[in-house]
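The values are calculated or read from the model by the stated rules, or taken from the named source; none is laboratory data. Remember, predicted model here, so these are calculated numbers, not experimental data. Quick reminder, even Gly has a Cβ in these numbers, built from the backbone with ideal geometry, and neighbours come from all protein chains shown.
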Amino acid sequence: MNHYDYDKALHFMIWGQWDDLLVLMVRTKDELLSKKIETFLHACYYPSKQSEMLESHEALLSYIDHAQTTTLQPEYFTFS
């Protein structure tokens, strides 16, 4: 998985760039991230209850946080 997708998703969510978030949803190879974005965008565009939008927002943020901590590999620098 491309860990930059998670950074992009977080950035797009913070700045309200829904069109870019939609493009990321289509292009990412992480199916769970794509589904979480889809659920969030659907709740934003077709709000039936504010609580549903907030729940999908929190679920997406939680998944991004989890994915970033588990996919980022530590970088080790060696000095000669």
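Quick notes on this one:
- Tyr45 being buried (at least 16 other Cβ atoms within 10 Å of the Cβ) and modelled with pLDDT under 95: no
- Taking the range 23-59 as the range and being aliphatic (A, V, I, L, M) and closer than 17 Å to Asn2 by Cβ as the test, the residues that pass are Val23, Leu24, Met25, Val26, Leu32, Leu33, Ile37.
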